[in-house]
Each structure stands twice: as C-alpha cells, then as structure tokens.
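Trainee: First, the structure itself, so that you have it in front of you.
Coordinate-derived values only; no laboratory data. Worth saying up front: this structure is predicted, and the values here are computed from it rather than measured. Cβ sites come from the backbone with ideal geometry, for glycine too, and all protein chains shown count toward neighbours.
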Amino acid sequence: MQLVSEIRACALDSPDRVRVQTEELFKHKIDPYEFAREPERFDRACEMLDSVSHGNRFGRVLEIGCAEGLFTELLSGRCQSLWAVDISTTALERARQRCRRFDHVQFAEWDVRCGTFLGELDLILAVGVLEYIRRPKILKQAIDRIIRSLRPGGYLLMGNTVAGNDLEARWFGRYLLRGTWINRYTEGDARLEVIATALDQCICPFEHILLRRR
C-alpha cells in the first residue's frame with residue numbers, strides 16, 4: 001500500500017498542483033509549516049554557513065522556498081545580495097513585509113522546476129523544499145540545474161526531513177528519492193564535495209548537508 005501511495009503521489013505531482021496547494025496553505029494559516037516552532041533548524045543552517053564564510057558575506061545568493069521570510073531575515077546579514085523566491089504569492093508578501101528594511105534582499109515568485117537561474121551564484125539554499133517534488137526525474141533535473149548555477153567554489157546548503165513510516169528503509173525509498181535520499185543523491189554528484197552534515201531532531205528529524213562546487 002505504501003508503494004502504491006508513493007506512485008500515486010508521483011502521478012499527481014505537477015507544478016500547478018503544488019502551487020495551488022501551497023497558496024491555499026498560506027492563505028488559511030500564518031506559518032503553516034510551523035517554522036517558528038523550530039528555530040534550531042535555522043540556527044543549525046546558520047552555523048554551517050558561518051563555518052565556511054569566516055566572517056565574510058556571501059556574494060550572490062539564492063534562497064529557494066523562502067516561505068514567509070524567517071530564514072531570509074537571518075540570511076540577510078550574511079549576504080551581499082539575496083534573491084529569495086517562493087511559489088506562494090501570499091507567503092512572498094509576508095516575507096517582503098518581514099524583510100522590508102533590507103535593500104539588498106529581493107523577492108520573486110519562482111519555481112525551481114522551471115525558473116531561470118541568475119548565472120553563477122556563490123550560495124544556493126534549498127532547505128525543506130526539494131522534498132515536495134515527488135517525481136524523481138523532475139527532482140533530479142532540478143538538482144542538476146541548481147548545481148550548474150553554482151560558481152566553482154560556491155556552496156549549496158540543503159535540508160530535508162527524514163521520511164516517516166520507514167519509507168527511507170524500504171527498497172523503493174532510494175529510487176523514489178524520498179527524505180534524506182535526496183541528500184545522498186546530491187552528495188554523490190562528482191561536481192560537489194561534502195563539507196558538513198547535521199541531523200537534528202526538530203518537529204521531525206531533519207538533515208542538513210553543506211556542499212561545495214568543485
């Protein structure tokens with residue numbers, strides 16, 4: 001039954017469907033993913049970034065899936081230029097209000113599945129977002145586009161929730177790229193080297209991974 005459910009999720013997955021669902025979530029509730037309840041997730045991400053920045057600001061930065069801007073606000077002081085994107089216009093408006101004092105932060109409606117990247121970037125963040133792409137082929141294409149958009153020496157910070165119901169331990173979890181199998185797939189790319197990983201117990205177990213473009 002679990003495999004059937006996952007196959008159905010793949011079949012139903014589409015950019016338009018996910019956009020509508022995400023927009024409805026934010027329209028009906030502030031902070032629907034309850035990010036404010038687990039600030040340690042953002043603390044860990046900032047610690048990993050600070051470990052490689054050596055007190056300097058990252059140049060051109062892209063945050064994929066900024067939601068209402070909680071993480072964006074923390075990133076603002078660590079970037080010279082930050083482009084924060086999401087597929088929900090409601091979330092983006094809240095993020096703009098939260099970060100309105102930062103002139104170097106820009107917001108845009110944008111989908112990692114099909115959006116145009118802004119050339120070579122110094123840092124890309126995809127924390128708690130790639131796991132919502134349910135089709136493995138589309139997910140792999142998105143990861144490839146992210147990697148190609150990093151300059152040599154640029155960093156990628158990813159974070160994904162450990163899949164529940166023992167999904168990651170099932171034989172098909174690896175092939176469907178669920179949970180932290182997304183991290184394992186990405187770290188296996190020869191264009192990247194792993195700098196650090198961290199497994200944290202937030203509302204659900206969550207794994208960050210920091211990688212650098214060779």
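Trainee: Pull out the extension gain between residue 108 and residue 37, defined as 0.36 nm times the separation in residues minus the alpha carbon to alpha carbon distance; nm, one decimal. Mind dumping the intermediate values first?
Mentor: Working: separation 71, 0.36 × 71 = 25.56 nm, distance 2.54 nm.
So the chain would gain 23.0 nm between residue 108 and residue 37.
Trainee: What shape does the stretch 81-137 have by the C-alpha gyration tensor, where a ≥ b ≥ c are the square roots of the eigenvalues, rounded means a/c under 1.5, and otherwise prolate means a/b greater than b/c and oblate the rest?
Mentor: Values: a/c = 2.21, a/b = 1.43, b/c = 1.55.
Since a/c reaches 1.5 but b/c is at least a/b, the shape of the stretch 81-137 is classed as oblate.
Trainee: Alpha carbons only, please: Rg and Dmax for the stretch 12-164, in angstrom.
Mentor: Here Rg and the maximum Cα pair distance are 14.8, 44 Å.
Trainee: Still on this structure: I need the calculated FRET efficiency for the pair residue 8 and residue 203, taking r as the beta carbon distance and R₀ as 25 Å, to the nearest 0.05.
Mentor: On the way: r = 25 Å, r/R0 = 1.01.
It comes to 0.50.
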